[in-house]
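Scroll down for the structure; my scribbles are underneath it.
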Amino acid sequence: MPSVYIKTYGCQMNERDSEAVAAQLVAKGYSLAASEHVADVVLLNTCSVRDFAEQKAIGKMQNIAAEVRKNRPNVVLGFMGCMAQSRGQELIDRLPDVDLVIGTQKFHRTADYLDEILNGKRDKIVDVAAEQGSEATIREHILNGKAQKSVSAFVSIMQGCNQYCTFCIVPYTRGEERSRRIDDIVAECRELVARGVKEITLLGQIVTSFGKREKRDEWQAARDTGVPSLVTRHSSQVSPFVQLLEAVHEIEGLERIRFTSPHPKGYGDDLVEAYARLPKLVESAHLPVQSGSDRVLKLMHRGYTRERFLGIVEKLRRAQPNIGITTDIIVGFPGETEDDFEQTLSLAREVQFDNAYIFKYSQRKDTPAADMPDQVPQKVREERNQRLLKTVNEIGKRKYETFVGRQTQILVEGPSRKNAARMAGRTRCGKIVVFDGSERHRGQLMDVKITRAGSFTLYGDPAIVNL
């Protein structure tokens with residue numbers, strides 16, 4: 001059978017989608033290639049959030065096509081994901097060496113389409129149509145590479161987004177919100193735990209919107225499956241997402257639960273209270289703020305104010321004083337003045353984020369912000385990006401240094417990405433800790449003493465590691 005190489009751009013949702021496609025292909029007899037240079041099939045899973053991500057994927061495919069058409073003309077080339085969804089046939093028109101373009105609701109059809117192309121039944125395939133029920137079609141996981149068990153896993157709980165922020169193309173590439181059934185998600189999580197997974201991250205474009213659009217009888221059917229936690233103590237007051245957290249929390253053998261990405265509007269009192277009530281829900285929250293200016297937040301169609309955001313942070317820290325809080329921030333949004341940007345800087349200082357992912361605004365075709373007046377010059381975006389990055393790094397450095405000398409628990413995930421001779425784990429509040437250990441520590445919950453702090457990395461003293 002052929003070998004396949006999948007390169008992923010973008011978010012954790014894309015990583016999860018790539019993993020599922022790879023697992024489905026392996027189940028059909030495909031092998032996973034180490035690189036595009038030796039693969040019979042090369043797939044790029046693409047991102048459309050920023051123009052840079054699209055251009056990077058297109059440039060990569062151009063380079064791959066030039067090499068394979070010269071030396072290995074039978075290699076199948078394909079685009080998947082958000083850019084594939086938004087551009088469709090345009091990608092094959094622009095890059096005629098591409099054989100497959102498959103959209104965000106068609107990942108589960110990848111194996112069948114590749115079989116048709118490889119067997120000569122079809123020449124080119126473009127499928128970006130919507131498909132009802134697609135949110136529940138991708139469940140496969142690849143967990144055992146080179147006989148090493150994965151400690152953590154992503155579980156997709158929904159597809160799509162109904163928020164329609166003015167800067168974002170995601171609702172157009174991922175479609176409207178569609179949530180999976182709670183019992184189906186719980187069953188997938190149980191299977192993962194049975195295979196050795198200790199930590200599960202629940203994924204959705206806006207996970208806190210989980211289940212809100214579904215009909216009451218659908219949720220009633222889920223509650224009737226016999227999973228005890230699906231019937232909550234105060235079901236009328238507890239959101240479907242918190243009900244899901246409760247259900248996953250009951251899985252025996254699961255140690256930790258994370259989720260991403262939420263929306264500040266979804267942080268009701270029931271979710272805040274869950275942080276204090278559910279021990280497996282770790283003290284970590286990624287809370288995208290995007291801007292510290294109410295005027296810009298309104299232009300972005302975010303649906304909350306600076307005061308509302310600060311109130312959520314205050315409640316979270318009251319529920320879990322040691323919670324780690326990260327965020328996303330966009331600089332240079334159309335119409336952003338120097339005063340607006342200064343408000344974002346002051347918000348970063350006031351909240352004291354553990355880390356922030358900073359993005360220079362990128363115009364996306366067919367989004368309202370792309371046609372807004374007062375587009376900020378690229379030079380100004382660059383300068384503001386650097387100023388905010390400096391502030392975030394200074395805050396992060398101080399936050400990380402407070403861990404030095406303290407003892408903390410980590411879940412050991414495997415070798416460090418930067419130094420395979422050392423092991424790495426993650427604290428409950430989301431910080432990476434590197435320490436001297438061995439493969440037998442993988443999957444263990446361990447207490448380490450932090451000896452020093454690097455750039456958004458902590459280092460543990462092996463002397464106190466429970467060997």
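The values are calculated or read from the model by the stated rules, or taken from the named source; none is laboratory data. Quick caveat: nothing in here was measured; it's all calculated off a predicted structure. When we count neighbours, we look across all protein chains shown, and the Cβ atoms used for this are built from the backbone with ideal geometry, even at glycine. The area values use the complete protein model at the heavy-atom level, side chains included, leaving out ligands, DNA and RNA. Shrake-Rupley method; radii C 1.70, N 1.55, O 1.52, S 1.80 Å.
In table form, for the structure just shown:
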read-out: In the range 257-308, residue farthest from TYR164 (Cα to Cα) [restricted to those that are hydroxyl-bearing (Ser, Thr, Tyr) and open to solvent by 10 Å² or more (accessible area, probe 1.4 Å)]; value: SER284
read-out: Whichever residue in the range 425-437 is out of contact with any Asp or Glu (no Cβ under 6 Å at 6 or more places or on another chain) and open to solvent by less than 20 Å² (accessible area, probe 1.4 Å) and, among such residues, is farthest from ILE323 (Cα to Cα); value: PHE435
read-out: Hits in the range 438-456 (condition: assigned to a loop (DSSP other than H, G, I, E, B) and open to solvent by 30 Å² or more (accessible area, probe 1.4 Å)); value: SER438, ARG442, GLN444, SER455, PHE456
read-out: Answer residue from the range 92-139, given it is surrounded by 15 or more Cβ atoms within 10 Å (Cβ to Cβ) and of a type in the set (Lys, Arg) and is farthest from ASP40 (Cα to Cα) among those; value: ARG139
read-out: The range 401-415, residues that are among the small types (Gly, Ala, Ser) and part of a strand (DSSP E or B); value: GLY414
read-out: Residues located in the range 338-358, provided they are open to solvent by 60 Å² or more (accessible area, probe 1.4 Å) and either within 17 Å of ILE169 (Cβ to Cβ) or hydroxyl-bearing (Ser, Thr, Tyr) (or both); value: TYR357
read-out: Lone qualifier among VAL41, VAL76 - being more than 21 Å from the chain's Cα centre (by Cα), surrounded by fewer than 22 Cβ atoms within 10 Å (Cβ to Cβ) and touching a residue at least 40 places away in the same chain (Cβ under 8 Å); value: VAL76
read-out: Qualifying residue in the range 403-415 (condition: in contact (Cβ under 8 Å) with a residue 24 or more places away in the chain, closer than 27 Å to GLU307 by Cα and surrounded by 14 or more Cβ atoms within 10 Å (Cβ to Cβ)); value: no
read-out: Those residues of the range 240-256 which are in contact with a strand residue (DSSP E or B) (Cβ under 7 Å, 6 or more places away or on another chain) and open to solvent by 10 Å² or more (accessible area, probe 1.4 Å), in sequence order; value: HIS249, GLU255
read-out: Residue within the range 363-373 that is among the β-branched types (Val, Ile, Thr), assigned to a helix (DSSP H, G or I) and surrounded by 13 or more Cβ atoms within 10 Å (Cβ to Cβ) present; value: no
read-out: Test set (1) modelled with pLDDT of 95 or more; (2) under 19 Å from ILE138 (Cβ atoms); (3) open to solvent by 10 Å² or more (accessible area, probe 1.4 Å); (4) not basic (Lys, Arg) - PHE167 fails condition number; value: (2)
read-out: Flag for ARG381 being part of a helix (DSSP H, G or I) and open to solvent by less than 40 Å² (accessible area, probe 1.4 Å); value: yes
read-out: Any pair with Cβ under 6 angstrom, 6 or more apart, that starts in the range 170-195 at a residue that is part of a helix (DSSP H, G or I) and at pLDDT below 95 and ends at one that is surrounded by fewer than 17 Cβ atoms within 10 Å (Cβ to Cβ) and among the hydroxyl-bearing types (Ser, Thr, Tyr); value: PRO171/TYR164
read-out: Index of the failed condition, GLN89 passing every other in (1) surrounded by 14 or more Cβ atoms within 10 Å (Cβ to Cβ); (2) modelled with pLDDT of 95 or more; value: (1)
